[in-house]
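Peer 1: Structure provided below as structure tokens; questions to follow.
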Amino acid sequence: MTKRALDGLSRRGLLAAAVGSVAVGSVAALTGCATTEPRSRAGGRDIPDPVSFLRTSWSTDPFALCSYSFLAPSPLGVDVRTRLAASVGGRLHFAGEATAAEAPATTTGALISGRRAARDILRSARPGQSVAVVGAGFAGLGCARALTDAGMRVTVLEGRDRTGGRVWTERIAGVPAEMGASWIHDWRGGNPVSQILKQSGGRSSPFDYDSVAGEDRAAMTELKPYARKVNDADDPDTTSIGDLLPDKPSAALRWAANETYTQEYAAEPDQLAVSALEEGTAGSGGDVLLPDGYDKLIAEVQGDIKVRTGATVTAVRHDSTGTTLTLDGGEEIEADHSVITVPIGVLKAGRIAFHPALPDEKQEAIDALGAGLLDKLWLEFDEVFWDRDAGVIEWFDHDDPGLWAYWINGQKAFGKPVLLGFNAGAYAHRLAKHTDQQAVTSALDALRGMYP
């Protein structure tokens, strides 16, 4: 099974992959948390406490409210992304991974969408006109770069205190800890993000999804006949994958479905349209990690473009003559064109008010797309106690199949005693309500089960 995700916010690439608020700390720092924490399970080897950790919470990040988009069952089908990408009145434009039919939920799709929005503007704009770009991720910066190079006057507005959006690189144990996008997928064959990597002088490290410890092959075998039913669905746009699974699946089937669908698309099978499995265009070259960090690519795209951080757009007025953006605090910025690149979670929550309201077909697209959740927990240890040679470590908790089910071995990827755990869909939403200590304790319980 090949995992593909936001070239880096889904495990396919981003968003995977999807980011969000982050908790950073050591176990010593956790001792001040609430006193009603769950206790670790008894038994198992003496798994050491981590030296430090990094934790994402994308669903609580007000500038994301999700990790990345997914295709939910809808009569709109795969055309939903084209609808979302369409401009309104030739003055209001939309970009971002959710609009990228070529490569949704990836940094590749985000970059392509930003450049596409720039081309749309340049077809009708006069040289030197003004453009406001909302969001400084790959979509926003890619758009701003193309417009600036074409001689347009560009203002980039970013609500966060940093650029990158759902591409966000921290450091743990001296190596880059990607809180959002981790991989470049299909990194050969003209992938524009791979071209940015080359321009930046950054390194790439091939990732081997087939180097797995802990896979439950019997569970995967149990999923096979249902996967064939999914592939043969008569109406893939309006049928969910969950519709083709048993009403009361076994623990093994739940685990296999989590590994195959939820961890990949950040949504539960009953939320995910069958046609989601066919989205995007196939690339080549496998997937790579970035030993120097994804932030190096963001810096390469941005170049000398100035970004106004801490500038949260709350409303957009638009008509045939131009646009006016209102910032939190009341300031107004006028521009001939505006490009909205915020995540689908922000659009669905109505965090930006549009005047006049968006056309029905645009709002229908926003309502129809799903906002997925994939969260990460990075754990640094003093020494390695897990499988050194496996790139991926899987875990089947028979009491809670899907919880802490997928891990990346940082020892193999980076040469450091680091583990990266993923949770997606309902499990990610559940853990988002946990304190830091509860989340770390839950992860350590899983590791004790994996290495008794």
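Peer 1: Say we look at the range 323-336 and pick out the residues that are small (G, A, S) and outside any strand (DSSP E or B); which of these is surrounded by the fewest Cβ atoms within 10 Å (Cβ to Cβ)?
Peer 2: Of everything passing the filter in the range 323-336, G330 is surrounded by the fewest Cβ atoms within 10 Å (Cβ to Cβ).
Peer 1: Only one of A390, A365, A371 is in a loop (DSSP other than H, G, I, E, B), of a type in the set (G, A, S) and at pLDDT 95 or above. Can you tell me which?
Peer 2: Working: A365 fails: in a loop (DSSP other than H, G, I, E, B); A371 fails: in a loop (DSSP other than H, G, I, E, B).
Exactly one of A390, A365, A371 is in a loop (DSSP other than H, G, I, E, B), of a type in the set (G, A, S) and at pLDDT 95 or above, namely A390.
Okay, residues lined up against (1) of a type in the set (D, E); (2) at positive phi; (3) in contact with a helix residue (DSSP H, G or I) (Cβ under 7 Å, 6 or more places away or on another chain); (4) part of a helix (DSSP H, G or I):
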{"site": "D210", "(1), (2), (3), (4)": "yes, no, no, no"}
{"site": "P225", "(1), (2), (3), (4)": "no, no, no, yes"}
{"site": "P236", "(1), (2), (3), (4)": "no, no, yes, no"}
{"site": "K248", "(1), (2), (3), (4)": "no, no, no, no"}
{"site": "L253", "(1), (2), (3), (4)": "no, no, yes, yes"}
{"site": "N258", "(1), (2), (3), (4)": "no, no, no, yes"}
{"site": "T262", "(1), (2), (3), (4)": "no, no, yes, yes"}
{"site": "D270", "(1), (2), (3), (4)": "yes, no, yes, yes"}
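Peer 1: Which pairs have Cβ atoms under 8 Å, sit 6 or more apart or on different chains, and link a residue in the range 207-222 that is within 23 Å of G410 (Cβ to Cβ) to one that is of a type in the set (V, I, T) and surrounded by fewer than 17 Cβ atoms within 10 Å (Cβ to Cβ)?
Peer 2: Going by the 8 Å Cβ cut-off, the qualifying pairs are Y209/T2.
Residue by residue, here is whether (1) farther than 30 Å from A251 by Cα; (2) crowded, with 17+ Cβ neighbours inside 10 Å holds:
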{"residue": "S338", "(1), (2)": "yes, yes"}
{"residue": "V346", "(1), (2)": "yes, yes"}
{"residue": "E380", "(1), (2)": "yes, yes"}
{"residue": "D389", "(1), (2)": "no, no"}
{"residue": "I393", "(1), (2)": "no, yes"}
{"residue": "D400", "(1), (2)": "no, yes"}
{"residue": "A405", "(1), (2)": "no, yes"}
{"residue": "I408", "(1), (2)": "no, yes"}
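Peer 1: With the checklist (1) surrounded by fewer than 18 Cβ atoms within 10 Å (Cβ to Cβ); (2) modelled with pLDDT under 95; (3) among the β-branched types (V, I, T) in hand, flag the one item I184 doesn't pass.
Peer 2: Going through the list (1) surrounded by fewer than 18 Cβ atoms within 10 Å (Cβ to Cβ); (2) modelled with pLDDT under 95; (3) among the β-branched types (V, I, T), I184 breaks only (1).
Peer 1: Let me ask something else. Of (1) among the aliphatic types (A, V, I, L, M); (2) under 30 Å from G345 (Cβ atoms); (3) touching a Lys or Arg at 6+ places or on another chain (Cβ under 9 Å), A173 satisfies all except one. Which?
Peer 2: Exception for A173: condition (2).
Peer 1: Do we have G44 as surrounded by fewer than 19 Cβ atoms within 10 Å (Cβ to Cβ), at pLDDT 95 or above and either hydroxyl-bearing (S, T, Y) or not in a strand (DSSP E or B) (or both) here?
Peer 2: Criteria not met by G44.
Peer 1: Of these, A105, A95, which one is at pLDDT 95 or above, in contact with a Lys or Arg (Cβ under 9 Å, 6 or more places away or on another chain), buried (at least 24 other Cβ atoms within 10 Å of the Cβ) and over 20 Å from A266 (Cα atoms)?
Peer 2: On the way: A105 fails: over 20 Å from A266 (Cα atoms).
Going through A105, A95 in turn, the sole match is A95.
Peer 1: Please find, among G410, G402, G425, the residue that is in contact with a strand residue (DSSP E or B) (Cβ under 7 Å, 6 or more places away or on another chain) and either of a type in the set (S, T, N, Q) or at pLDDT 95 or above (or both).
Peer 2: Sole residue among the options that is in contact with a strand residue (DSSP E or B) (Cβ under 7 Å, 6 or more places away or on another chain) and either of a type in the set (S, T, N, Q) or at pLDDT 95 or above (or both): G410.
The values are calculated or read from the model by the stated rules, or taken from the named source; none is laboratory data. Every value quoted in this text rests on a predicted model; they were computed, and no experiment measured them. Neighbour counts run over all protein chains shown; Cβ positions are idealised from the backbone, glycine included.
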